[in-house]
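In what follows, a structure is listed as structure tokens, so that the remarks can point back to it.
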Amino acid sequence: MTTRYGRWCLGAAVALVAMGGQTEETETHTPIASRWNYNEHLFPIFRDNCGSCHRDGGIGPMSLVSYQSAYPWAQSIREEVLGLRMPPWKAEDGFGDFRNGHALPAAEMDMILEWSSGGYPQGPRTLRPEPPGAPDEWPLGPPDLEIEMPEPFTLDTGTNELVRYFVLPTGTTGELFVTGADVMPGAGAVVRDVALYVDDTGTARALDAEDDGPGFGEVEGRDFPTTAPLALWSPGRQSVRQEDAARRLPAGADIVARVHYKKTWITEYQEFVDQSRIGLYVGDESDRAVESMLLSSPERTGELTLTFSRDVAEDVSALAILPEVSIETRDVQVVAVTPTGTRVPMLFLREPDTAWPTRYWFDAPIDLPAGSTIEVNAILHPGADHMPVRSLFGADSSAPIRLVLDYAAGAGAAAE
Ligand code: HEC
């Protein structure tokens, strides 16, 4: 019975495709063997999973939200999607749930694979979709405090990749409780990721004053406090605003934005001028304080695995996890074990890389009683080298794997 039904389905699909073939002129001789066409089926997938980066003026090297610019990439799309390199969201769905992104769902991956190897049909022209533009409004609503980089910064033609720090004075006179932070990139085609830090020590200002031009570069050994970034932004990740948990922002503190610029082969040798803006969302004093704990792996031995753990001394609600991997790793698994032995899945990363730093926000906070243990198990690729890279959250870079766990102290999770 299933076979008959299956055959009927297939027959119908072939007929549809044949009809599509008559009305469409695809510029290719690949026979159409895909049930899915761009205008009806692939466009929404590309728009929702790829379009925040792969659109005109976006960080991706080509747009995938118009057929004309997407179909020449069919083969490459297939390889990147199969290799789990695109979209660059590394957390496995179903092992921990996250509110700021998701892996490509299996059904949608299948459609992409069938379309890209099946002649990538365009579909009925009458259904041609309108490519979305860059968002011009703050996705989380108008921020309570909006601050712009004090001066524009020019990324010159000869520089392909650069990290630069900018000081954004808040000018606040009282303590604030920050429930969320977001970034509106000035030059969206080259702003890869932005980490925001709070500095009330004046260190970043002093570094800025010493350096010619807007902002300052990476400085060895002369640091401002970078533990627990206030926010970590990149295109395609939804920023998060919490309901009743907040980070303290001392009066008059500076926000330091660490902006990672990177060009692709399409933007290489172009000049860009960036003046990004940040938006802060503010709660009140009754919000629970968000804090962070650091977990660092031991140095690598000859083994293919790295295992480490950390005990949780008080009751906490875990809010988010920000992993950093500076060694070629097959996967990283993070599990919390409660005092009664219950294992709570937190994060499973497949083929993580350093190119796309991401803070993974749990869909709902995870309550961990005092006496719980956070266990990390990583499997490394044979022959993998540890390349110590500067940590986004001030971790010792001699540890090949480290992560920071953000939590609110006390039991009873921050309600959604
Ligand atoms: C967070 C931003 C982002 C998202 C989301 C994203 N990409 Fe990409 N993609 C990039 C960037 C940037 C590059 C250029 C390579 C690099 O610098 O890492 C790239 C490269 C590619 C390439 C290789 C192009 C080449 O130059 O060979 C393909 C194919 C691709 N992406 C497909 C996709 C598909 C399909 C999706 C969605 C399912 C997707 N990407 C989602 C940012 C993104």
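Overview of values
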item	result
Residue match in segment 248-260 (condition: in contact (Cβ under 8 Å) with a residue 60 or more places away in the chain and within 16 Å of the ligand (Cβ to nearest atom))	yes
Selection count where residues are among the hydrophobic types (A, V, I, L, M, F, W, C) and open to solvent by 30 Å² or more (accessible area, probe 1.4 Å), scope segment 190-231	4
The lone exception for SER397 - which of (1) surrounded by 15 or more Cβ atoms within 10 Å (Cβ to Cβ); (2) modelled with pLDDT of 90 or more; (3) touching a Lys or Arg at 6+ places or on another chain (Cβ under 8 Å) it fails	(2)
Residues located in segment 203-216, provided they are assigned to a loop (DSSP other than H, G, I, E, B) and in contact (Cβ under 8 Å) with a residue 40 or more places away in the chain	GLY213, PRO214, GLY215
Test: THR154 is open to solvent by 20 Å² or more (accessible area, probe 1.4 Å), at pLDDT below 95 and hydroxyl-bearing (Ser, Thr, Tyr)	no
Single unsatisfied condition, THR342 versus (1) under 17 Å from ALA395 (Cβ atoms); (2) open to solvent by 20 Å² or more (accessible area, probe 1.4 Å); (3) of a type outside the set (Gly, Ala, Ser)	(1)
Residues located in segment 43-56, provided they are more than 9 Å from the ligand (Cβ to nearest atom) and touching a Ser or Thr at 6+ places or on another chain (Cβ under 9 Å)	PHE43, ARG55, ASP56
Residue list for segment 252-296, restricted to those being open to solvent by less than 10 Å² (accessible area, probe 1.4 Å) and outside the structural domain of GLU175 (by TED's automatic domain parsing)	LEU295
Lone unmet requirement of (1) open to solvent by 60 Å² or more (accessible area, probe 1.4 Å); (2) at pLDDT below 90; (3) not acidic (Asp, Glu) for ALA106	(2)
Qualifying positions in segment 298-339 - assigned to a loop (DSSP other than H, G, I, E, B), open to solvent by 10 Å² or more (accessible area, probe 1.4 Å) and not aliphatic (A, V, I, L, M)	PRO298, GLU299, ARG300, THR301, GLY302, GLU303, GLU314, ASP315, GLU328, THR338, PRO339
Hey, PRO31 outside the structural domain of VAL337 (by TED's automatic domain parsing) and either at pLDDT 95 or above or within 16 Å of the ligand (Cβ to nearest atom) (or both) or not	no
Subset of segment 329-360 [within 16 Å of the ligand (Cβ to nearest atom) and either within 20 Å of ALA228 (Cβ to Cβ) or not small (Gly, Ala, Ser) (or both)]	LEU349, ARG350, GLU351, PRO352, ASP353, THR354, TRP356, PRO357, THR358, ARG359, TYR360
Residue within segment 115-125 that is under 27 Å from ILE321 (Cα atoms) and either within 16 Å of the ligand (Cβ to nearest atom) or part of a loop (DSSP other than H, G, I, E, B) (or both) present	no
Filtered residue count, segment 169-187, keeping only those that are buried (at least 19 other Cβ atoms within 10 Å of the Cβ) and either at pLDDT below 95 or of a type in the set (Gly, Ala, Ser) (or both)	3
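Rundown of residues vs (1) more than 7 Å from the ligand (Cβ to nearest atom); (2) open to solvent by 30 Å² or more (accessible area, probe 1.4 Å), yes/no style:
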| residue | (1), (2) |
| --- | --- |
| LEU64 | no, no |
| TYR67 | yes, no |
| ALA74 | yes, no |
| ARG78 | yes, yes |
| LEU84 | yes, yes |
| ARG99 | yes, yes |
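The values are calculated or read from the model by the stated rules, or taken from the named source; none is laboratory data. Quantities reported herein were computed from a predicted structural model and do not represent experimental measurements. Neighbour counts are summed over all protein chains in view; Cβ atoms, including those assigned to glycine, are modelled from backbone coordinates with ideal geometry. Protein only, heavy atoms only, side chains kept; ligands, DNA and RNA dropped before computing areas. Shrake-Rupley method; radii C 1.70, N 1.55, O 1.52, S 1.80 Å.
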